[in-house]
Amino acid sequence: MTASRVLVLNSGSSSVKYQLLDMRDGGRLAVGLVERIGEETSRLKHTPACGESRERTGPIADHDAALKAVAEELAADGLGLDSPELAAIGHRVVHGGKHFTEPTVIDDTVLAEIERLIPVAPLHNPANLTGIRTARALRPDLPQVAVFDTAFHTTMPESAARYAIDVETADAHRIRRYGFHGTSHAYVSRATAKLLGKAPDEVNVIVLHLGNGASASAVRAGRCVDTSMGLTPLEGLVMGTRSGDMDPAVIFHLMRVGGMSADEIDTLLNKKSGLIGLCGDNDMREIRRRVDAGDERAKLAFDIYIHRLKKYIGAYYAVLGRVDAVAFTAGVGENAAPVREAAVAGLEELGLAVDAERNAVRGDEPRLISPDDARVKVAVVPTDEEMEIATQTYALVKGSENLT
Ligand SMILES: Nc1ncnc2c1ncn2[C@@H]1O[C@H](COP(=O)(O)OP(=O)(O)O)[C@@H](O)[C@H]1O
Ligand SMILES: CC(=O)OP(=O)(O)O
Ligand SMILES: [Mg+2]
């Protein structure tokens, strides 16, 4: 029997999403989520294919404890990490810098590089590292593979990747646009081509990944040519708790006039800005409920969110020259019909429109929400970062087995 299972760990700043997949048929043997890590109200939800969902509530102190709890849940279903059927563990790693352009088997050198990049992904890389270290301790013999959020964006031309700052300073500090959510942008742009009945290299797609973190990308013939996140996942769209774009001089002003430290401003812009800073809520469901109830602050937050999104659709339309489809994905993009409607409203001259009835339909499958005669298709394409990570992990592990 050859090992054919892959465990995927997607460790976020306060959560771990995981899936155990059988790569012979892509079947999901178990999926789960640990939320609110580090709080009193942590929750683990585990759903095995062979039975009912189970929940654990109560404090889970850190990512190490979270992963150990996940390992226990898997073991309870006979799917423990000690299984000989496990071929590899695939990890989402947010920042891979310029160095990592492909999925990579993790060794001590790779770990050190991920650690070196912590200052440019302070919310994400530490969590990813803990996930890797704990998984390695549990199964030291197993290949652990890192799949980087930045990898898909390494095809960007210098004109998109470079900031217009002094070249020597930028190079000395490796300052450039790296871009994130690449696994999702890659998966969704390919799935969008498939939905249109085309090969990925035949279409130009604008992908809008709208989760808690949010980013847009311009994908020409299957290759990323621009993306909204930058050196760190702070730039670009308005997000749940992050500001996205603003005049960088705001930072000097807050330091000189507001008396704030660099760390305080970092926390302000990453954790207390975006939707939560504007209206006190970062969940689009709650914001829509408030907007519908006539709440002015929620309405302004929603309008700022949409205004920024629309600017990026226009910008990437110009970058691509010809657009075949705009694809909405992730928590907000897949579920919030009012966001999709508002983002595209008024863009008829660009060939973009949303059909209200189609937009209202909910579902898990990729689908078109534009009218039949639309020049540019608008699509909802559920992302599947875990499946993409598993596929890349398994291909790498099996490929290297075949070579030996
Ligand atoms: N039914 C829904 N309607 C509107 N927004 C939703 C819905 N479900 C989830 N969301 C939004 O999606 C966000 C989470 O998206 P997700 O892609 O899971 O984020 P992340 O991976 O960054 O944690 C929530 O914060 C919420 O704003
Ligand atoms: C890179 C990033 O912002 O990721 P997430 O949306 O998971 O926070
Ligand atoms: Mg996400």
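The values are calculated or read from the model by the stated rules, or taken from the named source; none is laboratory data. Remember, it's a predicted structure, so these values are computed and weren't measured experimentally. As a convention, Cβ positions derive from the backbone with ideal geometry for all residues, glycine included, and neighbour counts pool all protein chains shown. For the accessible areas, the whole protein counts, side chains as well, though only heavy atoms, and no ligand, DNA or RNA atoms are used. Shrake-Rupley method; radii C 1.70, N 1.55, O 1.52, S 1.80 Å.
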Residues in region 260-308 that are more than 16 Å from ligand 3 (Cβ to nearest atom) and outside any helix (DSSP H, G or I): how many? 9
Give region 218-242 a look and list any residue that's open to solvent by 20 Å² or more (accessible area, probe 1.4 Å), of a type outside the set (Lys, Arg) and assigned to a loop (DSSP other than H, G, I, E, B), or say none. Ala221, Gly222, Leu231, Thr232, Leu234, Glu235, Thr241
Whichever residue in region 289-309 is in contact with a helix residue (DSSP H, G or I) (Cβ under 6 Å, 6 or more places away or on another chain) and of a type outside the set (A, V, I, L, M) and, among such residues, is nearest to Asp373 (Cα to Cα): Phe302
Selected residue [out of contact with any Cys (no Cβ under 8 Å at 6 or more places or on another chain), among the aliphatic types (A, V, I, L, M) and either within 14 Å of ligand 3 (Cβ to nearest atom) or open to solvent by less than 40 Å² (accessible area, probe 1.4 Å) (or both)] from Ile206, Ile175: Ile206
Suppose we keep only residues that are within 16 Å of ligand 2 (Cβ to nearest atom) and in a loop (DSSP other than H, G, I, E, B) within region 1-47. Which one would you say is surrounded by the most Cβ atoms within 10 Å (Cβ to Cβ)? Ile37
Can you list residue pairs whose Cβ atoms sit under 8 Å apart, with the first residue in region 373-385 being within 18 Å of Tyr316 (Cα to Cα) and without any contact (Cβ under 8 Å) to a residue 12 or more places away in the chain and the second being open to solvent by 20 Å² or more (accessible area, probe 1.4 Å) and not in a loop (DSSP other than H, G, I, E, B)? Count only pairs 6 or more apart in sequence or on different chains. none
Yes or no: Gly182 within 16 Å of ligand 2 (Cβ to nearest atom), open to solvent by less than 20 Å² (accessible area, probe 1.4 Å) and under 20 Å from Ile118 (Cα atoms)? yes
Taking region 370-400 and the residues there that are within 16 Å of ligand 2 (Cβ to nearest atom) and in a loop (DSSP other than H, G, I, E, B), the one that is surrounded by the most Cβ atoms within 10 Å (Cβ to Cβ) would be Thr383
Can you pull out the residues in region 298-326 that are free of Cβ contacts under 8 Å to residues at least 60 places away in the same chain, more than 30 Å from Gly197 (Cα to Cα) and surrounded by fewer than 18 Cβ atoms within 10 Å (Cβ to Cβ)? Lys299, Leu300, Asp303, His307
